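A.B. asks: The structure under discussion is supplied below as structure tokens; questions concerning it will follow.
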Amino acid sequence: MGPNLFANYGEAVSAILFCIGFTNLLLQTNLIKKIIGLNIMDSAIYLFLAEKGYIAGRAAPIVVDGVTSAERYINPIPSGLVLTGIVVSVSVTALMLSLTIRLYTRYHTLDLDEISTQLKREGK
Amino acid sequence: MDFICNFPFFSILLSLFSGTVCSVLPAKAAKIVNRVVILAVGLMSAALLLYLLSTGESFIYWMGHFPAPWGNEIRAGVLEAGMALFFCIIMYLSMAGGAHKLPGEVVESKHNLYYILVNLLLSSLLALVYTNDMFTAYVFVEINTISACGLIMIRQVGRTIEAAVRYMIMSLLGSGLLLFGLCIMYDLTGHLLMSNIKESVELIVANGEYQIPLIVSVALMCTGLCIKSALFPFHAWLPDAYGYSTVSSAAILSSLVSKGYIFLLIKIIYRVIGFSVFNSTRMIDVLFVFGLMGMIFGSLSAIKENDIRRMIAFSSVAQIGYIYMGFGMGTQAGMVASIFHILSHAATKSLLFIAAIGLTDVSGGSRRFADLTGSAYRNKWAGVAFTAGSLSMVGVPLFSGFISKLLFAQAAVQVEGKMLASLIVLGISTVLNAVYFMKTVIRIYTATTETPYEGITFRHMKAYAVTLVFFILLNVILGVSSQPVVNMIGQGLAMFA
């Protein structure tokens, strides 16, 4: 456990960051802080993927000087997954932010619990 | 390869493309495009289902020119085609049943946006059903979430926006967990295609290596999909989202969106992890316990509710609990019962939402039980339909709900150790269901003379009444001729292996 953890410290850091982001998204009442939590969570996963794709001592997966042996290059698929993931997380962040603006113009607060109380008071 | 093997790809692309086209069309044309697309996809799925039943084996379709470990793939078997057909039927009926309410619920200029969202939702559901690639599944899970969020918030009142935010938060937590689990799985196996992952997982298990990461990955993926499909205790967003969105949205969300995630989970269990490996992870016990708790607490919340649509929404929590209880049994029979319950619940819950709107319309738009007294006399068709849906939910013979309860009970008897718990909770939950559904049925059939509300006759709601008849027929067909459906589910599960 000990040496493995030290050798894979990048993955360990990403798992810790994931937990920080997850807790923020779940427990913060402020909507902007929730969205920051979401972004930390997603970035942690991309860090994990990047760590997994990189192999120390190898080159970027672009063929130069005619060397086609796979042994020379790192794994390009995780980088592709990270790119796709970033696109997805940008779009959900945009959607969340636009929803936040809608709620703020209506209720003049970013506190989700406060909004719920106001809604109950309206009784609709 | 026959031409018909292109149909899964065509249906995904057609619905995705029609979503884009709808953005430039006027509302009326967008509505026609939407209906035609759902019908076309339904017909293609039906043809595919017949073809697969005749050949008796599933096929894999390459998306592009690269074979297995590199290319993206679509896979179709009996279960996938049947599910796609069923989703199309429910979606068409839900759209038809809620069409007359749409002008009052959504601003005229946004109607075409509504149809874009419905088309996108259909395409993402189809992709979840057909895909053979885990990362594609993740991307379409997110598309599904975004379009479902749009369907909730397109009716612009405070409650729906708040519900949409809560829905997004829970869904994003779920998809974060799913993505992390998927990345660990990729890290362990080096593959993203389901069939390849399964081969590697079998090797890992046989070698006895990496047991903990494997269990962590399975647990993360399962929890993520459970959160997204609103398993108790992750259902806080559900009553507001189903209770205040437009009526078609509520019917589609309750009967299709959560089922799409559950179907993905079934695919992951069978095609990625492997049924026996999944059963040995003890994850099934967790699902079993939360399923049972959902069955009880969902019904208890529904009994306390004084708003008919929120009551139906809480009943969904209980029904999702049934489905996870079936998973938790860890047997083939339990799985078949769960899949049948997915169909039965989808057919019944959308019927209830559509029927409830007819009842509230003749009660001055109020959803409180006091105002609904005698509403079944004012709108006879909706009254009959609501009664049929309630009977099906309670589990009266002739209706589909009876068959799923029967299948659950039969499956429970075969499982040692879980038999007593599941049978007792099944019984309690049925009684609780009866309490709140029969209470409502009695309420709407209580004659009252001093009502200020006008009734409505068949002449003023032809399309609506016809939709209700189709819904009831669907329920009765599932209830009366269940054996072919059950056989088909069994055949589909056999093809998964």
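Every read-out reported here was derived from the displayed coordinates using simple, explicitly stated rules and does not represent laboratory data. Just so you know, these numbers come straight off a predicted model, no measurement behind them. Glycine also receives a Cβ, built like all others from the backbone with ideal geometry; neighbour counts cover every protein chain displayed.
A.B. asks: For the protein assembly as shown, what does the helix formula give at 222 nm: sum of -39500 (n - 2.57) over DSSP H segments with n ≥ 4, over the residue count, nearest 500 deg cm²/dmol?
C.D. replies: It lands at -25000 deg cm²/dmol.
A.B. asks: If you split all Cα-Cα distances of segment B:311-403 into 10 Å bins from zero, what percentages do you get per bin, shortest first?
C.D. replies: 17, 42, 27, 11, 3
A.B. asks: Next question, about the same structure. So, counting K/R as plus one and D/E as minus one, what does the shell of residues with Cβ under 14 Å around B:PHE340 add up to? Don't jump to the answer; show the numbers that get you there.
C.D. replies: On the way: positive: B:LYS259, B:LYS405; negative: none.
Taking every Cβ under 14 Å from that of B:PHE340, the sum is +2.
A.B. asks: Would you mind pulling out the separation of the Cα centroids of segment A:89-124 and segment B:143-173, in Å?
C.D. replies: 11
A.B. asks: Be a star and scan segment A:30-47 for residues whose amide nitrogen sits under 16 Å from the point 7 Å along the Cα-to-Cβ vector of A:TYR104.
C.D. replies: A:30-37
A.B. asks: Dividing the convex hull volume of the Cα atoms of segment A:61-124 by its residue count, what figure in Å³ per residue is obtained?
C.D. replies: So the per-residue Cα hull volume is 119 Å³.
A.B. asks: Volume per residue, Å³, of the convex hull around the alpha-carbon atoms of segment B:405-460? Please report the intermediate quantities before stating the final value.
C.D. replies: Details: hull volume 6.3 nm³, N = 56.
Per residue, the Cα convex hull of segment B:405-460 comes to 113 Å³.
A.B. asks: Could you give me the percent of Cα pairs per 10 Å distance bin for segment B:24-81, shortest bin first, beginning at zero and ending with the bin that holds the maximum distance?
C.D. replies: Result, from short to long distances: 21, 30, 29, 18, 3 percent.
A.B. asks: Taking the number of other C-beta atoms within 10 Å as the exposure measure, put B:SER254, B:SER54 in order starting with the fewest.
C.D. replies: B:SER54, B:SER254
A.B. asks: Then there's this: Over the Cα atoms of chain A, how large are the radius of gyration and the largest Cα-Cα distance (Dmax), in Å?
C.D. replies: Cα radius of gyration and Dmax of chain A are 20.7, 72 Å respectively.
A.B. asks: To continue, here is another question. Putting +1 on Lys and Arg Cβ atoms and -1 on Asp and Glu Cβ atoms, find which of B:ASN306, B:VAL205, B:LEU225 reaches farthest to the positive end of the dipole of segment B:202-348.
C.D. replies: B:ASN306
A.B. asks: What does the charge add up to near B:GLY97, with Lys and Arg as +1, Asp and Glu as -1, over the other residues with Cβ less than 15 Å from its Cβ?
C.D. replies: Residues near B:GLY97 contribute +4 overall.
A.B. asks: Debye sum, Cα scatterers, chain B, no solvent: what log₁₀ I/I(0) at q = 0.12 1/Å?
C.D. replies: -1.05
A.B. asks: May I pose another question? Over segment B:33-144, what per residue volume does the convex hull of the Cα atoms give, in whole Å³?
C.D. replies: So the per-residue hull volume is 112 Å³.
A.B. asks: Give me the Debye-computed log₁₀ of I(q)/I(0) at q = 0.12, 0.16, 0.22 Å⁻¹ for segment B:162-302, equal point scatterers on Cα only, no solvent, two decimals.
C.D. replies: These q points yield log10 I(q)/I(0) values of -0.53, -0.86, -1.34.
A.B. asks: Right, something else. Which whole number gives the average, over all residues in A:23-30, of C-beta atoms from other chains lying within 10 Å of the residue C-beta?
C.D. replies: Counting other chains' Cβ atoms within 10 Å and averaging over A:23-30 gives 1.
A.B. asks: Give me P(r) over the protein assembly as shown, computed from all C-alpha to C-alpha distances, binned every 10 Å, as integer percentages.
C.D. replies: The distribution over the protein assembly as shown is 3, 16, 27, 28, 17, 6, 2, 0, 0, 0, given as percents.
A.B. asks: Let me ask something else about it. Pick from A:LEU38, A:LEU49, A:LEU103 the residue whose mean-square fluctuation is largest in a GNM of chain A, springs joining Cα atoms under 10 Å.
C.D. replies: So, out of A:LEU38, A:LEU49, A:LEU103, the one fluctuating most is A:LEU103.
A.B. asks: Under 14 Å from the Cβ of B:GLU57, count the other residues' Cβ atoms, weight Lys and Arg +1, Asp and Glu -1, and hand me the total. Could the numbers behind the result be given before it?
C.D. replies: Values: positive: B:ARG75; negative: B:ASP2, B:GLU80.
Charge balance near B:GLU57 sits at -1.
A.B. asks: Largest first and in whole Å, give the semi-axes of segment B:386-497's equivalent ellipsoid, each being the square root of 5 times a Cα gyration tensor eigenvalue.
C.D. replies: Square roots of five times the eigenvalues give 35, 22, 8 Å.
A.B. asks: Using a Debye calculation, one point per C-alpha and no hydration shell, please list log10 I(q)/I(0) for segment B:321-470 at q = 0.13, 0.19 Å⁻¹ in order.
C.D. replies: -0.63, -1.03
A.B. asks: Let me have the relative contact order for segment B:383-497, percent, based on Cα pairs under 8 Å that are six or more residues apart.
C.D. replies: Relative contact order for segment B:383-497 comes out at 39 percent.
A.B. asks: Can you give the mean number of other chain Cβ atoms that lie within 10 Å of the Cβ atoms in peptide B:171-184?
C.D. replies: Other-chain Cβ atoms within 10 Å of each residue's Cβ, averaged: 6.
A.B. asks: Do any of B:LYS304/B:LYS405; B:LYS228/B:LYS349; B:LYS101/B:LYS349; B:LYS198/B:LYS349; B:LYS228/B:LYS405 go past 26 Å between their Cα atoms, and which?
C.D. replies: B:LYS198/B:LYS349
A.B. asks: Placing unit charges on C-beta atoms (Lys and Arg positive, Asp and Glu negative, everything else neutral), compute the dipole magnitude of segment B:296-439 about its Cα centre in debye, rounded to 20.
C.D. replies: With only Lys, Arg, Asp and Glu charged at Cβ, the dipole is about 240 debye.
A.B. asks: When only C-alpha pairs under 8 Å and at least 6 residues apart count, what is the relative contact order of chain B, in percent?
C.D. replies: 15
A.B. asks: Evaluate 2.2 N^0.38 Å with N set to the residue count of segment A:1-66, then give the Cα radius of gyration divided by it.
C.D. replies: Relative to the rule-of-thumb radius for its length, segment A:1-66 sits at 1.50.
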